[in-house]
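The values are calculated or read from the model by the stated rules, or taken from the named source; none is laboratory data. None of the values given here were measured: they were computed from a predicted structure. Note that each Cβ is placed from the backbone with ideal geometry, even for glycine, and that neighbours are counted across all protein chains shown.
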Amino acid sequence: MFNLAMVLTESAARHPERPAVLDDGRAWTFSELDRRADAFADSLQSDGIRPGDAVGLQMANGAAFVIAYYGILRAGSVVVPVNPLAVSREISHIMKSAELRSMVTESENLETVLRADPQGRLPTMFVAGPADPPTRRIRSFDEASAKPASSEHRLPVMRPLDSTAAIIFTSGTTGAPKAAELTHGNLLSSCTHVTRDADVREADVTLACIPLFHVFGMTGLMNTSVAQGLPLVTLRRFSPDDVFRLIEEHSVTRTSFVPTMIAELISADPPDRDLSSLRRITSGGAPLDVQHVAGTEELFPAATLLEGYGASETTSSICVNRDRGTRRLGSVGTATWGTQIRVVDDDGRAVPKGASDIGEVQVRGLTVFSGYRGDPEATAAAFDGDWLRTGDLGHVDSDGYLFLSGRRSELIIRGGYNVYPAEVEVVLTSHPSVAEAAVIGVPDVRLGQEIVAFIVTSAQVEAQELDAFARERLSRYKCPREIRFVDDLPKTASGKIRRAVLSRDGNTSSEV
């Protein structure tokens, strides 16, 4: 029996007055967070929320998110992180799929949540920040999480290791988002391997600019920092200026970015700040442009940029490059502690390490999820025996380093030839005038699919120049037949490009 909320309780016992969360100029100690999480757990239980009940958590990064997260777990309930930018239709889907019994949100999102629940099926909601006077149904989160220091302090409700602790909704790139169930054991194992494989140290200070509702930020940054008793600096909305400011103000030593953040940081005006405290940067969530490694390490002179790889269904990372001496640029690294990885061909046969053949990446281990809530068919389809099918394509070299080639669902088959978008995108973004690129396949009567590239430029460039640039670096069948210049690319809140919403209506288009 266990409860992940124990990591907060134990850190509060070891370091009661140590700063736990540095949020918008205020430092919250571990004892404060633990006491407030305990108070919120009491409020949930008083409102009839029972162990195993699902509670939505829709908040931006900050101390309130951390308090609510561990308070929900402390009550033995299941935490369901929700994107603060989600619209009513998306929230309604989450409410039904996860069978929410309550919801925690911020005042600016309350009307959106209410529209998602027109029949009032949620018996209670907790709202942080200024709002109308509380009602029987709508409660103040600030009051619900307040508790005198002298009041009774109870231990978290113990749960089986294999019971669900969190439900993470997948990005839905291949259909409606699915509810991936992560257990207390999954989350504890993730804390363990991140501490070991990411070289977490006693004096570390972590910056969380990746959303904490996303599995990458939740497990790799928040849970790990709380478990190790380390300060967590939170940023509500990403901006290069704020990142630079917080690193200097709090002597941040480790953080994580998605590649789109890295591109923005490199493109920003050179900061007049001391960034020498930062020693480790992890990149994940999307393929990293190798060209950005040198620029990042020039910007942060004492830091090493290390690429990793994971998924919602694997409680975040399953591969990581561990340090500058052993990293392999272009690879997402080797398997994390407690994890096994293999690549299988189209017939389901394992591809030997060292072979260049590309196949589907499969994984098994301590952090692999238990299944999709309420969807046994999708759960069964996600596994090949006890191996999770990631849907990602790649190969493993003789030393165990994984190299990704793209998504199976994103695979473009042009005239019988397989084209992996990630490979084409890496080439296009290596052009000095290209800031970002996204490659998709569109229907073509003659070839089955044709290749289209969406380009965000950093300087003036013509389509013909990019075409010639690509033809010098790619086989002809891999080169885009159409280039569309756009102002920006549609992305999820975690920074992934939303290929499914790319259309034929770019700002400008040029056949090549």
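Worth a mention:
- Residue check for MET6: in contact with an Asp or Glu (Cβ under 8 Å, 6 or more places away or on another chain) and under 22 Å from LEU221 (Cα atoms): no
- Restricted to region 156-177, and to residues there that are modelled with pLDDT under 95 and under 15 Å from the mean Cα position of the chain (by Cα), the residue that is nearest to ASP241 (Cα to Cα) is SER171.
- Taking first residues from region 47-73 that are assigned by TED's automatic domain parsing to the domain that holds SER163 and closer than 17 Å to MET125 by Cα and partners that are of a type in the set (Phe, Trp, Tyr) and assigned to a loop (DSSP other than H, G, I, E, B), the Cβ contacts under 8 Å between residues at least 6 apart in sequence or on separate chains come to LEU57/PHE213; GLN58/PHE213; MET59/PHE213; PHE65/PHE213.
The rows are residues; the columns are (1) buried (at least 23 other Cβ atoms within 10 Å of the Cβ); (2) out of contact with any Ser or Thr (no Cβ under 9 Å at 6 or more places or on another chain); (3) closer than 30 Å to SER11 by Cα; (4) not polar (S, T, N, Q).
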site	(1), (2), (3), (4)
THR253	no, no, yes, no
ASP269	no, yes, no, yes
ARG279	no, no, yes, yes
PRO287	no, yes, no, yes
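- The set of residues in region 95-110 that are in contact (Cβ under 8 Å) with a residue 60 or more places away in the chain and among the aliphatic types (A, V, I, L, M) contains only ALA98.
- Test for ARG373: is it in contact with a helix residue (DSSP H, G or I) (Cβ under 7 Å, 6 or more places away or on another chain) and under 30 Å from LEU188 (Cα atoms): yes
- Qualifying strands (runs of 3 or more DSSP E) (wholly inside region 159-274; at least 2 residues being under 22 Å from THR367 (Cα atoms) and out of contact with any helix residue (DSSP H, G or I) (no Cβ under 8 Å at 6 or more places or on another chain)): 179-183
- Residues that are not hydrophobic (A, V, I, L, M, F, W, C) number at least 2 in the following strands (runs of 3 or more DSSP E) confined to region 1-95: 19-23, 26-29.
- Qualifying residue in region 488-508 (condition: loosely packed, with under 15 Cβ neighbours inside 10 Å, in a strand (DSSP E or B) and without any contact (Cβ under 8 Å) to a residue 12 or more places away in the chain): no
- Applying a threshold of 6 Å to beta carbon distances and a minimum spacing of six or more residues, or different chains, the list of pairs starting in region 362-384 at a residue that is modelled with pLDDT of 95 or more and ending at one that is aromatic (Phe, Trp, Tyr) reads GLN362/TRP387; ARG364/TRP387; THR379/TYR372.
- VAL233 among the hydrophobic types (A, V, I, L, M, F, W, C), touching an Asp or Glu at 6+ places or on another chain (Cβ under 9 Å) and either assigned by TED's automatic domain parsing to the domain that holds ILE497 or at pLDDT 95 or above (or both): yes
- Residue that is modelled with the highest pLDDT [pool: residues in region 277-295 that are over 14 Å from the mean Cα position of the chain (by Cα) and within 22 Å of THR492 (Cβ to Cβ)]: ILE281
- Counting only strands (runs of 3 or more DSSP E) that sit wholly inside region 397-460, those with at least 2 residues that are within 28 Å of the chain's Cα centre (by Cα) are 402-407, 434-444, 448-457.
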